[in-house]
Amino acid sequence: MMEGDESMSERRSCAVMTASCRSEAADPAVSRRGFIAGIATAGVFTGVVSLAPGVTLISVADAKPVEEAASAKQRWGILIDATKCDSGCSVCVDACRQEQGWEGHGRPTSDPQWIRKVNINDSSTGRKFSLPVMCQHCASPPCVDVCPTGASFKRADGIVLVDRHICIGCRFCMMACPYKARSFVHEETEDQRSHMPRGKGCVEACTLCVHRIDADRLPACVEQCGAKGSGAMLFGDLNNPGSDIAKRVAVYATTQIRTDLGVKPGIYYQGI
Amino acid sequence: MTGFRFILAVLMVTLLGVASATAGDGPLPTIPKGMGDHCVADTQFMRRNHMEMLKHHRVETMRDGIRTRTYSLANCFTCHVVKGADGKPVTIRNPAHFCNACHEYAGVRPDCFDCHASTPNAPEQRAVP
């Protein structure tokens, strides 16, 4: 693969990103906002960390106050760089499982699976790459269209969720989802996380770690990919032109999966 | 007329006597005392309305992402926690659990805990370090 200046610069910024995530993981008291503010302050004295011409590692704090409702001002998304994602790595999946408390029962076809690693092998060129796939948090989610009770819904800031209080477990949404992102809970659950109630008879999927986003923190997969993985995931507000993710999707060639369906996912991929 | 008044008075005394005897003698739930001085609202109000408060808060939290702690179910268990013989908080499966104290008495099973955690847990500490 060709490695020009631009990719070198990008790699350097990735190292910075990884270090930033690590520092946040080591000290949970350091919030995303606090960290970003710190970087911004440092940037004044040390120069701005450059990702590419015009793209810097400075973001405006986007999270809302705790007592305020989520609004359409934000559109949360993740950019996943498949060129950095290692096929043997499952840090994001492990982080999700640990954070949200889901686990398998040795039945891969029906076990809960909020996020999975997909390894691609292009037989015509021999190119191999790997990427995590989870709920794509579509702007026009088919799962919401088909839900007969209104349990499947989209929050104002674009996060697609299941309201388990009114989910009847019909699984229409599982059939409607083009990304195979949703799972059904077949077993009684115990020892759930306080922030993530889950029980038998309901459908569930990636919540984009909505409890963390509301608390001004990164989703668990993104945080751990930065701390222990290859720093292939970037989370942010796509609506804010000043955010890292918005700047990167504006500069680099990125794509969503199955754009032909017109569901407008919030998860972007680079290098697929 | 005097006879009627006398009968009425006797009847009232009898009825009051029966009522007070019933209130005093019947079995009542033993409610474990919570920590702290008082709940988030008056006790009598909480007894009648806790489910409505939880329902209201759940919609705010789920649909709008308003995560204030005061009326959250998770916050109930920061005070209303019953510890078992092993010193750990008991779950809803244990009859001694705070919610069970009244709900078993009333013969009503709350289905909150089919999904929700029934013990305090600190998700921030349990997350991947």
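The values are calculated or read from the model by the stated rules, or taken from the named source; none is laboratory data. Please read these numbers as outputs of a predicted model, since none were measured by experiment. Cβ placement follows ideal geometry from the backbone for every residue including glycine, while neighbour counts extend to all protein chains displayed.
A few notes on this one:
- When segment A:139-158 is limited to residues that are among the polar types (S, T, N, Q) and touching a residue at least 40 places away in the same chain (Cβ under 8 Å), the one that is farthest from the other protein chains (Cβ to nearest Cβ) turns out to be A:140.
- With respect to (1) within 14 Å of chain A (Cβ to nearest Cβ); (2) farther than 20 Å from residue B:52 by Cβ; (3) at pLDDT 90 or above; (4) part of a helix (DSSP H, G or I), the lone exception for residue B:77 is condition (2).
- Residue in segment A:177-194 that is within 11 Å of another protein chain (Cβ to nearest Cβ) and touching a Ser or Thr at 6+ places or on another chain (Cβ under 6 Å) present: no
- Single condition residue A:188 does not satisfy, out of (1) surrounded by fewer than 21 Cβ atoms within 10 Å (Cβ to Cβ); (2) in contact with a strand residue (DSSP E or B) (Cβ under 9 Å, 6 or more places away or on another chain); (3) farther than 23 Å from residue A:69 by Cα: (2)
- Positions within segment B:1-47 being assigned to a helix (DSSP H, G or I) and either of a type in the set (Val, Ile, Thr) or modelled with pLDDT of 90 or more (or both), in sequence order: B:2, B:7, B:10, B:13, B:14, B:18, B:22, B:43, B:44, B:45, B:46, B:47
- Single match in B:110, B:95, B:120 (criterion: in a loop (DSSP other than H, G, I, E, B), within 12 Å of another protein chain (Cβ to nearest Cβ) and over 25 Å from residue A:157 (Cα atoms)): B:120
- The number of residues in segment A:202-221 being of a type in the set (Val, Ile, Thr) and more than 9 Å from chain B (Cβ to nearest Cβ) comes to 2.
- Of the criteria (1) facing chain A (nearest Cβ under 9 Å); (2) assigned to a helix (DSSP H, G or I), which one residue B:67 fails: (2)
- From the options A:131, A:161, residue that is at the interface with another protein chain (Cβ under 8 Å from one of its Cβ atoms) and not in a loop (DSSP other than H, G, I, E, B): A:161
- Meets criteria (facing chain B (nearest Cβ under 7 Å), over 22 Å from residue B:64 (Cβ atoms) and not in a helix (DSSP H, G or I)) for residue A:199: yes
A quick yes/no check of all residues on (1) farther than 30 Å from residue A:203 by Cβ; (2) in contact (Cβ under 8 Å) with a residue 60 or more places away in the chain; (3) surrounded by fewer than 19 Cβ atoms within 10 Å (Cβ to Cβ); (4) β-branched (Val, Ile, Thr):
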| site | (1), (2), (3), (4) |
| --- | --- |
| B:73 | no, no, no, no |
| B:86 | yes, no, yes, no |
| B:91 | no, no, yes, yes |
| B:103 | no, no, yes, no |
| B:109 | no, no, yes, no |
| B:118 | no, no, no, no |
| B:121 | no, no, yes, no |
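- Residues of segment A:80-103 satisfying the condition of being in contact with a strand residue (DSSP E or B) (Cβ under 6 Å, 6 or more places away or on another chain), crowded, with 20+ Cβ neighbours inside 10 Å, not in a helix (DSSP H, G or I) and not charged (D, E, K, R): A:80, A:85, A:101
- Residue count, segment A:237-272 (criterion: at positive phi and modelled with pLDDT of 95 or more): 3
- Number of positions in segment A:111-122 that are touching a residue at least 60 places away in the same chain (Cβ under 8 Å) and either loosely packed, with under 12 Cβ neighbours inside 10 Å or in a strand (DSSP E or B) (or both): 2
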